[in-house]
1. Tell me whether segment B:21-31 contains one or more residues that are more than 21 Å from the chain's Cα centre (by Cα) and either more than 14 Å from every other protein chain (Cβ to nearest Cβ) or in contact (Cβ under 8 Å) with a residue 24 or more places away in the chain (or both).
2. Quick one: is A:ILE23 modelled with pLDDT of 95 or more, more than 16 Å from ligand 1 (Cβ to nearest atom) and in contact with a helix residue (DSSP H, G or I) (Cβ under 8 Å, 6 or more places away or on another chain)?
3. Restricting to segment B:9-28, count the residues that are surrounded by 14 or more Cβ atoms within 10 Å (Cβ to Cβ) and farther than 22 Å from A:ASP106 by Cβ.
4. Within the set of pairs 6+ apart or on separate chains, which have a first residue in segment A:1-20 that is farther than 18 Å from A:ALA41 by Cα and away from ligand 1 (no atom under 16 Å from the Cβ), a second that is among the acidic types (Asp, Glu) and not in a loop (DSSP other than H, G, I, E, B), and C-beta atoms under 8 Å apart?
5. Assuming A:LEU159 fulfils every condition listed in (1) buried (at least 18 other Cβ atoms within 10 Å of the Cβ); (2) more than 15 Å from ligand 2 (Cβ to nearest atom); (3) within 25 Å of A:PHE292 (Cα to Cα) apart from one, which condition is it?
6. I need the full set of residues from segment A:143-171 which are in contact (Cβ under 8 Å) with a residue 40 or more places away in the chain, closer than 10 Å to A:VAL82 by Cα and away from chain B (no Cβ under 14 Å), in order please.
7. Looking at (1) more than 7 Å from every other protein chain (Cβ to nearest Cβ); (2) farther than 24 Å from B:VAL92 by Cβ, can you tell me which one A:PHE105 breaks?
8. How many residues, within segment A:50-73, are among the aliphatic types (A, V, I, L, M), under 17 Å from B:PRO107 (Cβ atoms) and touching a strand residue (DSSP E or B) at 6+ places or on another chain (Cβ under 7 Å)?
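The values are calculated or read from the model by the stated rules, or taken from the named source; none is laboratory data. Because the structure is a prediction, the values reported are computed rather than measured. Cβ sites come from the backbone with ideal geometry, for glycine too, and all protein chains shown count toward neighbours.
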Amino acid sequence: MVSAVIAKDLHKYFKDQLAVKNISFSIEEGETFGFLGPNGAGKTTTMRMIQCVSPISRGKLEIMGMDTTKYHREIKSFMGVVPQENNLDGDFTVYENLLVYSRYFDIPRGEADKRIDELLDFVHLLEKRDVMTESLSGGMKRRLVLARALINRPRILILDEPTVGLDPQARHMIWEKLRSLKRQGVTIVITSHYLDEVEKLCDRLVVMDYGKILVQGTPGGVIERFIGSNIIEAENDPAILECLKQKDASYEIMGDIVHIYAANTAEISEYLLMECSFPKITARPATLEDVFLKLTGRRLRE
Amino acid sequence: MNIQGYLKIPSISIRAFKVWQRNRDVFMKDIKLNFLPPLLEPMLYLIALGFGLGKFVESINGVPYVVFIAPALIAVSVMYASFFECSYGSYVRMYYQKIFDAIVATPLTIDDVIAGELLWGATRSMINASIMVPVIGIFGLIDLKYSLLIIPFAFFGGLLFAAIGMCFAAVTPNIMSINYPVLLFITPMFLFSGTFFPIDVLPLPVQYFATAFLPLTHIVNVIRSLAFGVIDSSLLFGIIWVLIVGSILIVISINLMKRRLVV
Ligand SMILES: Nc1ncnc2c1ncn2[C@@H]1O[C@H](COP(=O)(O)OP(=O)(O)OP(=O)(O)O)[C@@H](O)[C@H]1O
Ligand SMILES: [Mg+2]
């Protein structure tokens, strides 16, 4: 079986700036694969190379066994794209947007009309069929971009922050749609800053920073490897730190709270309560967000 | 990019036509509004210049002034239609509407997109010519025998100016800066290409300059010959000039746009 995407020693230069530095990964068919990373990590740059709209600078990139530098037309014909920035055609209505887009894929008119009705139903926009796209809300635009990405019944779907700016209802709706696409065998590549979303949807993920891949694995595996299953939060207080040092516990200071990593949470919370008498500690399951912050630090990216 | 880079032959597929279709569909939405300028503008010029100014400038080289300028008005309209469509128009579609970005995510390439834009620009020129030829014909200002040939020629003349507009759209840092080529290139052409007076009244160096570097000169010559029904070798020279220079500029404009957009 060929992989949906194989990247080997992939590089991307913008003039002299190296935006993607020697990354390798492979995405299997039918898998949902996430790219995480702070602003400027190189996620969009990587997505654009996979989409064959941005030429690779060095290395190798194959989609369904086809080289992106040679077979871009073929690859793009079975790919659907939700770009980070909406780029709907403002000169047209919702329906016309999908129709005009279907022509780029050589979909015959009758078939296109059928698909458009299905898709508008799928993203709950049937009522907005004849409205100009400017008058849609942000969330509706995002849903329309998703519908547009599905017009050619793609085998690979690239989603660059698909749920940005959506209300919880709309996000849940999109997740549900993505799961249903996954059941149909569509390979999904997604970037997102909502880590709960990635944790829920993705089979595997990578965390990128400064153009490099820091980790790869399943969400559970990555959490287990870097944090352990649970995390204890306590107030950042000199007495606590002293106490933790004595116990030789692994912890990290995050502003005004301390994260304590432990395999056996019960044991350590008991110790903290008994020996150090902390009033306020909470134990909770570790999340991807903890991994993300641990790996990429707390500093803001300019 | 070196010279070869600018002259690299683009790989255009038949899908370029989809971009043409997209622009046509937008045009058809406001069809009534879009038809008005090419209908009205020549009439205003004909009345003001032809019949007004024409009272004083009775004839040029033996033809009444209004007959002299009528074909030039078609040529000017051919220039304006495609130049503006592929400079301001394409820039807005590329930069503000992000339409090119959306299209290149489909099986079309940037070469197809730009080719489609150029074809559409040329079509606008042809549409204008097809409105103006009959209107001017009704006034009896053109020889009908060859005048219909002006319409297909307007397409190729349109391609030339579409490519010029696209070159500027590709290199302009922002939309306001397109005003410079309009001021320094398009407006002088409007005035000095044998449009309102024959260029042989200008000093010889200026005449050479106009022939070599002002494409409108050739468009005016060809359309005027067809309108007067004078078929001679200078007509052939004009057509060949337009085709050759047009082809070169199309290639350059696509490569300039690729340099801007393929990152
Ligand atoms: N067209 C471009 N020209 C020059 N530099 C670019 C271009 N696009 C991206 N970059 C640079 O490449 C780096 C990676 O950008 P990219 O857009 O891939 O980040 P990202 O991970 O998608 O970030 P975000 O989460 O903010 O979307 C950044 O430093 C950015 O400034
Ligand atoms: Mg991004």
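1. Taking every residue of segment B:21-31 in turn, none turns out to be more than 21 Å from the chain's Cα centre (by Cα) and either more than 14 Å from every other protein chain (Cβ to nearest Cβ) or in contact (Cβ under 8 Å) with a residue 24 or more places away in the chain (or both).
2. For A:ILE23, the condition - modelled with pLDDT of 95 or more, more than 16 Å from ligand 1 (Cβ to nearest atom) and in contact with a helix residue (DSSP H, G or I) (Cβ under 8 Å, 6 or more places away or on another chain) - is not met.
3. Count: 1.
4. Final answer for the pair search is A:SER3/A:GLU62; A:VAL5/A:GLU62; A:ILE6/A:GLU62.
5. (2)
6. Residues satisfying the conditions are A:GLU161, A:PRO162.
7. Going through (1) more than 7 Å from every other protein chain (Cβ to nearest Cβ); (2) farther than 24 Å from B:VAL92 by Cβ one by one, A:PHE105 breaks only (1).
8. Total meeting the criteria: 2.
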